[in-house]
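Chemist: I'd like to ask you about the structure that follows.
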Amino acid sequence: MTTPLGTIETLESEPRIAALRRRTRETDVSVRIDLDGSGEANVSTGIGSYDHLLTSFAHHSLIDLRIEAIGDLEVDDHHTAEDVALVLGAAVAVALGDRAGIRRFGDAAVPMDEAMATAIIDVGGRPYAVIDLPFRAEKIGALSTQLVEHALEAFARTSGSTLHLSGSGRNDHHLAEAAFKALARALRAACEADPRRTGVASTKGAAQ
């Protein structure tokens with residue numbers, strides 16, 4: 001399929017499951033998700049700290065997640081981190097389909113020692129992000145801290161989600177991990193089936 005991101009190859013698409021691949025001159029990213037999984041993760045981006053955050057995201061969202069990414073890390077980590085988030089968000093959008101029968105909204109607050117993050121998400125098809133994570137250093141391992149916010153914004157855009165995520169803390173690793181865990185818990189709640197809901201959770205009668 002052709003999107004604002006260029007051509008994304010759909011490898012698998014069925015209710016609540018999606019597998020996508022996006023190839024550019026900068027990256028080659030494949031993502032497969034199962035929204036009704038058990039949190040199993042197999043993540044390889046070439047950026048160890050990013051792998052850790054995405055594995056934690058899978059575990060706490062109970063989304064089965066497989067990511068294989070090859071990027072131009074000889075340049076820096078920007079293209080890889082951004083493109084993984086873009087394809088992950090697109091996979092969530094495909095897996096949600098018409099977004100009927102789900103709770104749509106979710107929120108979670110997660111502490112990690114001195115750090116805490118709060119995520120509020122609406123997966124109703126309206127892409128917007130407000131991210132406030134006051135990191136202190138330039139890097140968490142090999143991952144640029146500025147790319148944490150950028151990746152979360154990219155995810156919100158392609159998943160069709162409104163995401164408000166903020167946090168505080170003295171340790172950057174703790175703050176980033178709390179943020180990904182909070183997003184995971186909020187997304188899990190938003191994507192869950194609502195037994196009382198038929199159709200889309202909107203007075204418009206359609207997503208957005």
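Derivation of every value follows stated rules applied to the coordinates shown; laboratory data play no part. These figures come from a predicted structure and were not determined experimentally. Neighbour counts are summed over all protein chains in view; Cβ atoms, including those assigned to glycine, are modelled from backbone coordinates with ideal geometry.
Chemist: Out of all DSSP beta bridges in the chain, what portion is antiparallel? Express it as a percent rounded to 5.
Modeler: Rounded to the nearest five, the antiparallel share is 80 percent.
Chemist: Let me ask another. Can you tell me the dipole magnitude for segment 1-92 around its Cα centre, using point charges on the Cβ only (Lys, Arg +1; Asp, Glu -1), in Debye to the nearest 20? Mind dumping the intermediate values first?
Modeler: Working: 7 positive and 17 negative charges, 49 e Å.
Here the size comes out at about 240 debye.
Chemist: Between S166 and T10, what length comes free when the chain is fully extended (0.36 nm per residue of separation minus the Cα-Cα distance, one decimal in nm)?
Modeler: Numbers: separation 156, 0.36 × 156 = 56.16 nm, distance 3.26 nm.
Length gained, S166 through T10: 52.9 nm.
Chemist: Between E138 and R196, how high is the FRET efficiency from 1/(1 + (r/R0)^6) when r is the Cβ-Cβ distance and R₀ = 30 Å? Nearest 0.05. Each step should come with its number before you reach the end.
Modeler: On the way: r = 47 Å, r/R0 = 1.58.
Calculated value: 0.05.
Chemist: Follow-up. Once both labels are modelled 7 Å past Cα along the beta-carbon direction, what's the D36-A109 spacing in nm?
Modeler: Distance between label points: 3.3 nm.
Chemist: So what is the calculated 222 nm ellipticity per residue for the chain, using -39500 (n - 2.57) for each DSSP H run with n of 4 or more, over all residues, to the nearest 500 deg cm²/dmol? Write out the running numbers ahead of the final one.
Modeler: On the way: 4 runs with 67 residues, N = 208.
Helix-only estimate at 222 nm: -11000 deg cm²/dmol.
Chemist: Further question: How high is the relative contact order of segment 2-191? Use alpha-carbon pairs under 8 Å, at least six apart in sequence, and give a whole percent. The partial results should precede the final answer.
Modeler: Numbers: 485 pairs, mean separation 45.5, N = 190.
Relative contact order, segment 2-191: 24 percent.
Chemist: Here's a follow-up. Would you mind working out the magnitude of the charge dipole of segment 93-208 relative to its Cα centre, with +1 at each Lys and Arg C-beta and -1 at each Asp and Glu C-beta, to the nearest 20 Debye?
Modeler: So the dipole magnitude of segment 93-208 works out to roughly 480 debye.
Chemist: Which helices count as membrane-span-like in the chain under these terms: full DSSP H, at least 24 Å along the axis by C-alpha, Kyte-Doolittle mean of 0.0 or more?
Modeler: 78-96, 172-191
Chemist: Right, here's the next one. Averaging over every viewing direction, what projected area does the convex hull of the Cα atoms of segment 78-124 cover, in nm²? Working shown, then result.
Modeler: Details: hull surface 18.4 nm².
Its average projected convex-hull area is 4.6 nm².
Chemist: Report the one residue of L163, A100, P111 whose Cα lies farthest in the direction of the positive end of the charge dipole of segment 84-208 (charges on C-beta: Lys and Arg +1, Asp and Glu -1; origin at the Cα centre).
Modeler: A100
Chemist: Another question, then. Taking the Cα centre of the chain as origin and charging only Cβ (+1 Lys, Arg; -1 Asp, Glu), how large is the dipole, in debye to the nearest 20? The partial results should precede the final answer.
Modeler: On the way: 21 positive and 30 negative charges, 181 e Å.
Computed charge dipole of the chain: roughly 860 debye.
Chemist: A follow-up question, please. Starting from 0.36 nm per residue, how many nanometres of slack lie between E26 and S44 once their C-alpha separation is accounted for?
Modeler: Numbers: separation 18, 0.36 × 18 = 6.48 nm, distance 1.62 nm.
The E26-S44 span can extend by a further 4.9 nm.
Chemist: Which order do peptides 114-124, 175-185 fall in by mean Cβ count within 10 Å, highest first?
Modeler: Working: 114-124: 21.5, 175-185: 26.0.
Ranking, from highest mean packing down: 175-185, 114-124.
Chemist: Could you list which residues have their amide H under 5 Å from that of D132, counting only those 5 or more apart in sequence or on another chain, with H placed in the peptide plane?
Modeler: So D132 has HN proximity to L165, S166, G167.
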